[in-house]
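Heads up: the structure comes next, in structure tokens.
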Amino acid sequence: MKIPSNIKEIFEKERFHQLATASKNGEPNCSYIGAKYLLDDETIIVVDNFMKKTLKNILENPRVSIAIIREKEAYQIKGNCKYLTEGPIYEEARKWMKAKGDRYPAKGALLIKVTDIFYSTSDEKAGLPI
Ligand SMILES: Cc1cc2nc3c(=O)[nH]c(=O)nc-3n(C[C@H](O)[C@H](O)[C@H](O)COP(=O)(O)O)c2cc1C
């Protein structure tokens, strides 16, 4: 699905989000992401610099959930993730990452196609699809 512009703005402008994954057997994992950008209106790129359990999980189970927040405006973005280690999209992500610092290994790129977005606010819209 297309990400509406107000949510794109929060995704791009806020520095860090939380990425939740699950193993094939349902073991949950939640980690921080800061190396992220939008490839287009429905696709998120996250650069894998240091991922361990996250990487294991996405290779077993492509479903991911990202929690984003700005002040009291909060959303949960769900999607299907592919792990890229070659090709033009990965090369672009690697270049983008390396421009921010050579200490980032940019081992891979998560390409996340957004499938659902929900309100994560603490009000009557909580949990509802946008
Ligand atoms: C503020 C912050 C931002 C982070 N951003 C990223 C990121 O964009 N990419 C990445 O690979 N790791 C990032 N990390 C590291 C991960 O949160 C985490 O330490 C790493 O994925 C290993 O944990 P895991 O075993 O749960 O995957 C970040 C950590 C912090 C504290």
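At a glance:
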read-out	value
Residue match in the stretch 69-82 (condition: over 23 Å from residue 116 (Cβ atoms), within 15 Å of the ligand (Cβ to nearest atom) and among the aliphatic types (A, V, I, L, M))	no
Selection count where residues are of a type outside the set (Val, Ile, Thr) and outside any strand (DSSP E or B), scope the stretch 1-41	21
Selection count, the stretch 94-110, where residues are in contact with a Phe, Trp or Tyr (Cβ under 9 Å, 6 or more places away or on another chain), among the hydrophobic types (A, V, I, L, M, F, W, C) and more than 9 Å from residue 48 (Cβ to Cβ)	2
Test: residue in the stretch 109-123 that is out of contact with any Ser or Thr (no Cβ under 9 Å at 6 or more places or on another chain), free of Cβ contacts under 8 Å to residues at least 40 places away in the same chain and not small (Gly, Ala, Ser)	yes
Answer residue from the stretch 73-130, given it is of a type in the set (Lys, Arg) and in a loop (DSSP other than H, G, I, E, B) and is surrounded by the most Cβ atoms within 10 Å (Cβ to Cβ) among those	107
Residue within the stretch 49-65 that is under 25 Å from residue 4 (Cα atoms), touching a helix residue (DSSP H, G or I) at 6+ places or on another chain (Cβ under 6 Å) and either within 12 Å of the ligand (Cβ to nearest atom) or modelled with pLDDT of 95 or more (or both) present	no
Within the stretch 23-48, tally of residues that are farther than 12 Å from residue 80 by Cα, in contact with a strand residue (DSSP E or B) (Cβ under 8 Å, 6 or more places away or on another chain) and more than 7 Å from the ligand (Cβ to nearest atom)	6
Odd one out for residue 78 among (1) within 14 Å of residue 21 (Cα to Cα); (2) out of contact with any Asp or Glu (no Cβ under 6 Å at 6 or more places or on another chain)	(2)
Single unsatisfied condition, residue 69 versus (1) β-branched (Val, Ile, Thr); (2) in contact (Cβ under 8 Å) with a residue 40 or more places away in the chain; (3) under 17 Å from residue 111 (Cα atoms)	(3)
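The values are calculated or read from the model by the stated rules, or taken from the named source; none is laboratory data. This structure is a prediction, so every number in the text was calculated from the model and none was measured. Here Cβ is always computed from backbone atoms with ideal geometry, including for glycine, and neighbour counts include all displayed protein chains.
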